[in-house]
Amino acid sequence: MPASSPRVLWKGAISFGLVHIPVALYSATQDGSIDFDWLDKRTMDHVGYKRINKKTGKEIAREHIVRGVEWEDGQYVVLTDQEIADAYPRTLQTIEIERFVPADGIPFIHLDRPYYTAPIQRGAKVYALLREALVRTGRIGVARVVIQTKEHLAALVPAGPGLVLNLLRWGADIRAWDGLPLPDADARKAGVNDRELKMAEQLVEDMSGEWNPEDYEDRFRDRIMALVERKAEAGQAKDVAKLEPQEQASSGAKILDLTELLQRSLRGGKGRAAASDDEDDDGEQDEAGGTPKRGASKRAAKAPAKRAAAKPAPARKAAPRRKAA
């Protein structure tokens, strides 16, 4: 089958100082695990999950379900849909860079999920400028971004021809080493002698090589798919009615790239608020370094009011985080 075009997951802009780089977000990974769907063996219909009371085992109606967050052992605080909706982060579809840190400054344990970014709306020049600046300075950008009503911490990392947005785990979500039965940090106190250490180092050297992801395969997936192929070729595949596709989220608002704001940022410009003032004075730019369009100041003045009046996302999408133990 021919490869399908990458699907845009999110549209917005990378923002640092007074510079905005319009980008689209694409998934950089795919789930290679086997998806075992539940089917009714009598009719081959899809089987979904039920809302079951875990104490009584009975199914309950949606209107009887409320959401609570555990406060102490056995005690929950119930939150209303409106309270949860009010807590949603407000966003301007922006990957807001807050700091640039050394490229090796973030431990692997914080890395969560990668996404590709690609420039849109004639933002290629500024995109390339940021990419090259990060490569030459050995830095990556630490940013905040809201995706599907949830705020994430993220790292914007130059990789080859593009920029990868890697979602990060919050510091509060990383457990400490405390309580784990670990050997002493001092190798000698842990009972390791010099001879053993040299042998271990030699073994590591002997097994070393360059990283090549194609050298590693999901053997379980390969075996399952081989079994599926054999059974399908033997005529054991059954027809299952397709489910209706869900609507895709609408793309974000148009974001402008303003290359000339680099100099203003270096002169002490302060983030998006200053950018809004500059846009009101200078007008909308058709591309980096371009000529302002007439009437842009009026549209820019009205835009924040429209965003502030936007309704919050439906509360049913909320996923309240449990209080850390």
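Against the conditions (1) among the small types (Gly, Ala, Ser); (2) at pLDDT 85 or above; (3) not in a helix (DSSP H, G or I), where does Ala288 fall short? Just the number, please.
Unmet for Ala288, out of (1) among the small types (Gly, Ala, Ser); (2) at pLDDT 85 or above; (3) not in a helix (DSSP H, G or I): (2).
State yes or no: is Ile120 buried (at least 20 other Cβ atoms within 10 Å of the Cβ) and touching a Lys or Arg at 6+ places or on another chain (Cβ under 7 Å)?
The answer is yes for Ile120.
Return only the number of the condition from (1) more than 30 Å from Arg7 (Cα to Cα); (2) modelled with pLDDT of 85 or more that Gly268 does not satisfy.
With respect to (1) more than 30 Å from Arg7 (Cα to Cα); (2) modelled with pLDDT of 85 or more, Gly268 is out only on (2).
Quick one: count up the residues across the stretch 57-71 that are farther than 15 Å from Glu83 by Cα, in contact with a strand residue (DSSP E or B) (Cβ under 7 Å, 6 or more places away or on another chain) and open to solvent by less than 80 Å² (accessible area, probe 1.4 Å).
Qualifying residue count, the stretch 57-71: 1.
For (1) open to solvent by less than 70 Å² (accessible area, probe 1.4 Å); (2) closer than 29 Å to Ile174 by Cα; (3) free of Cβ contacts under 8 Å to residues at least 24 places away in the same chain; (4) out of contact with any helix residue (DSSP H, G or I) (no Cβ under 8 Å at 6 or more places or on another chain), each residue gets a yes or a no:
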| position | (1), (2), (3), (4) |
| --- | --- |
| Val77 | no, yes, yes, yes |
| Asp81 | no, yes, no, no |
| Glu96 | yes, yes, no, no |
| Val101 | yes, yes, no, yes |
| Tyr116 | no, yes, no, yes |
| Val145 | yes, yes, no, yes |
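Taking the conditions exactly as written (among the basic types (Lys, Arg), open to solvent by 30 Å² or more (accessible area, probe 1.4 Å) and farther than 30 Å from Ile84 by Cα), does Lys189 satisfy them or not?
Spelling it out, Lys189 is indeed among the basic types (Lys, Arg), open to solvent by 30 Å² or more (accessible area, probe 1.4 Å) and farther than 30 Å from Ile84 by Cα.
The values are calculated or read from the model by the stated rules, or taken from the named source; none is laboratory data. Everything quoted here is computed from the prediction, not taken from an experiment. Neighbour counts are summed over all protein chains in view; Cβ atoms, including those assigned to glycine, are modelled from backbone coordinates with ideal geometry. Please note that ligands, DNA and RNA were not included when accessible areas were found on the heavy atoms of the full protein model with its side chains. Shrake-Rupley method; radii C 1.70, N 1.55, O 1.52, S 1.80 Å.
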